[in-house]
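Computed from the coordinates by the stated procedures, all read-outs in this text should not be read as laboratory data. The shown structure was predicted, so the numbers you read here are calculated from the model rather than taken from an experiment. Neighbour counts are summed over all protein chains in view; Cβ atoms, including those assigned to glycine, are modelled from backbone coordinates with ideal geometry.
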Amino acid sequence: MNIKRLIAAILAALAILFSSFQQVSAYQVFPSTGHKCKEQMLKLESYTYVRKHADGWWMMPWNLRSGYLNAEDFHAIFSTFSHKTLVVEMNATHVHWGMEKPDPVQLQVALGSGADIHTIMAYNERVNGSVLTRENIQKFRALYGDRYLLISNVRRWGASLQNAFSQLDGISFEFQIPEKFEGLWSQVARAVKWAHANNKYIYLLTPPGHNNYNLNEGYITAYKDFFDFMRSEVGDEVLKSDKIVFVPANYNYDKTNIQMTPETELIDGKMQDANTVMGVSKWLLEQPLHAR
């Protein structure tokens with residue numbers, strides 16, 4: 001082999017080696033662990049793709065706080081997930097402030113299940129539009145800030161909120177799909193741009209809407225419309241940030257008629273992504289912008 005070919009071969013090998021160490025950045029998908037859906041989530045064969053490929057999970061507290069789901073049930077489900085990264089949701093009223101053991105039950109269960117707790121989504125329900133107040137931010141920072149990232153919830157976006165979120169690690173923007181009212185998705189896009197410009201996480205907490213119950217048969221269709229809207233409004237380069245996280249979710253099946261699973265169903269004679277939370281999650285995970 002002459003010297004030129006040897007050098008070319010070495011450079012090619014180094015390029016392959018270097019590329020193997022590069023991490024492809026893309027949006028993430030953290031499906032919700034659900035609400036009133038223990039039986040569906042325990043049917044592990046109904047969402048095998050999502051359990052294997054989801055980047056993380058969003059832990060909803062109601063199941064555990066109500067006693068509907070116990071720690072053993074949660075562990076039986078969570079132990080089958082390939083990726084153990086978890087966002088734990090907690091209201092300010094869930095924390096036992098001033099007590100020797102202040103952690104709410106959902107955080108205790110998460111810790112006992114071997115979760116890699118990435119973030120706490122702390123909110124102040126029915127106060128300040130669910131966004132943490134300055135006092136709450138200080139209290140949560142003092143208790144958890146040295147261990148976890150801290151974000152808060154919001155349902156509308158405006159310039160007045162930027163000061164609060166500047167003090168936090170990110171945003172949980174909670175909104176319905178289909179769009180609850182015209183212009184809401186535009187607010188979401190502005191929040192995504194702000195978060196990206198300020199190096200903040202933004203979680204798009206997206207349940208099916210109960211205001212337009214009759215539209216929920218198209219949850220996955222509306223989600224695809226929302227995804228296309230985001231691509232057009234914020235651009236693919238922004239969506240390739242791993243600090244943008246889609247969180248398909250559901251809260252109350254009596255109001256929405258959208259189930260958690262299965263992730264696929266037989267439609268017109270062939271298996272397709274289902275009109276469910278896990279069906280939407282699977283579709284998001286399979287998009288080229290998410291390729292890793």
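Values computed for the structure shown
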| quantity | calculated |
| --- | --- |
| More than 15 angstrom apart: percent of Cα pairs within region 181-292 | 66 percent |
| Highest average packing first - 42-50, 28-36, Cβ atoms within 10 Å | 28-36, 42-50 |
| Label-to-label distance, nm, for residues given as E125 and K101 (7 Å Cα→Cβ offset) | 2.3 nm |
| Assigned charges on the beta-carbon of Lys, Arg, Asp, Glu; region 28-290 dipole about Cα centre (debye) | 600 debye |
| Virtual spin-label span in nm between A291 and Q272, 7 Å along Cα→Cβ | 2.4 nm |
| Region 28-290: relative contact order as a whole-number percent, Cα under 8 Å and 6+ apart | 21 percent |
| FRET efficiency estimate (nearest 0.05) - Cβ-Cβ, T133 to R65, R0 22 angstrom | 0.50 |
| Antiparallel bridges, percent of DSSP beta bridges restricted to the chain (to nearest 5) | 15 percent |
| Percentage relative contact order, region 34-181, counting C-alpha pairs under 8 Å, at least six apart | 17 percent |
| The chain, helix-only ellipticity at 222 nm - DSSP H runs n ≥ 4, -39,500 (n - 2.57), divided by all residues, nearest 500 | -10500 deg cm²/dmol |
| Options I267, L289, P208, ranked by Cα towards positive dipole end of region 178-292, top entry (Cβ charges) | L289 |
| Prolate/oblate/rounded label for the chain (Cα gyration tensor, a/c 1.5) | rounded |
| At least 24 Å along the helix axis (C-alpha) and Kyte average at least 0.0, DSSP helices within the chain | 3-21 |
| Among H35, S79, P61 - extreme Cα towards positive end, dipole of region 28-290, charges at beta-carbon | P61 |
